[in-house]
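Chemist: Sharing a structure below in structure tokens format, with a few things to ask.
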Amino acid sequence: QDPADHRVSLDIAFAWYTCVGVALVSVAVAIAVLIDHVPGSGVPALIAYLNGCKLRRFTSVKVLAGKFVASAMTVACGLCAGPEGPIIHMGGCVGKQMLRLLYKASALGGRLGELHDLNTDSNAGDFVALGAGAGIAAAFNAPLSGTLFVVEEASSFFSLPLLWRAF
């Protein structure tokens with residue numbers, strides 16, 4: 001075979017790889033620009049949220065989906081998104097969505113009616129902190145580290161029930 005044929009196929013492969021990478025990065029950047037709270041790691045905002053700052057739509061499903069897709073696109077094209085920041089934020093979003101799901105289930109009544117008291121700021125902070133701890137545990141395959149993160153870093157207002165929930 002002619003060595004020039006190999007050179008042409010390598011050029012085509014490189015061009016294809018570059019085009020796919022640019023397309024993935026473009027999607028990730030578009031998501032980060034269009035949706036608030038998606039850019040960055042989300043950890044400083046999460047700590048602020050757990051300290052009592054009200055951040056509108058910080059834990060919404062839209063932010064969770066946007067952060068997931070943008071992180072996946074970033075990593076898929078070969079760039080670094082950092083292992084812990086996005087996963088901690090996504091874990092906090094999942095924790096808050098679980099609280100919302102339990103609260104909506106309590107509206108159905110029956111045995112789930114006892115869950116109606118969950119809709120408090122304290123429980124919202126606890127569930128977000130627990131979700132962030134689950135994100136740490138998933139990112140590093142270290143459940144004890146996730147628990148310690150919840151107790152030590154994520155919860156400014158430590159309580160014994162939170163410790164039991166974390167375990």
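The values are calculated or read from the model by the stated rules, or taken from the named source; none is laboratory data. Computed from a prediction, not measured in an experiment: that's the story for all the values here. Methodologically, a virtual Cβ is constructed for each residue, glycine included, from the backbone with ideal geometry; neighbour enumeration extends over all protein chains shown.
Conditions (1) of a type in the set (Lys, Arg); (2) in contact with a Phe, Trp or Tyr (Cβ under 9 Å, 6 or more places away or on another chain); (3) at pLDDT 90 or above, marked per residue:
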| residue | (1), (2), (3) |
| --- | --- |
| Gly52 | no, yes, no |
| Val61 | no, no, yes |
| Pro83 | no, yes, no |
| His89 | no, yes, yes |
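Chemist: Here is a follow-up. Could you list all residues from the range 90-108 that are touching a His at 6+ places or on another chain (Cβ under 8 Å) and of a type outside the set (A, V, I, L, M, F, W, C)? Lay out the reasoning, then the answer.
Modeler: Step one: of the range 90-108, the residues touching a His at 6+ places or on another chain (Cβ under 8 Å) are 103, 106-107.
Once the filter is applied, which keeps residues that are touching a His at 6+ places or on another chain (Cβ under 8 Å) and of a type outside the set (A, V, I, L, M, F, W, C), the range 90-108 yields Tyr103, Ser106.
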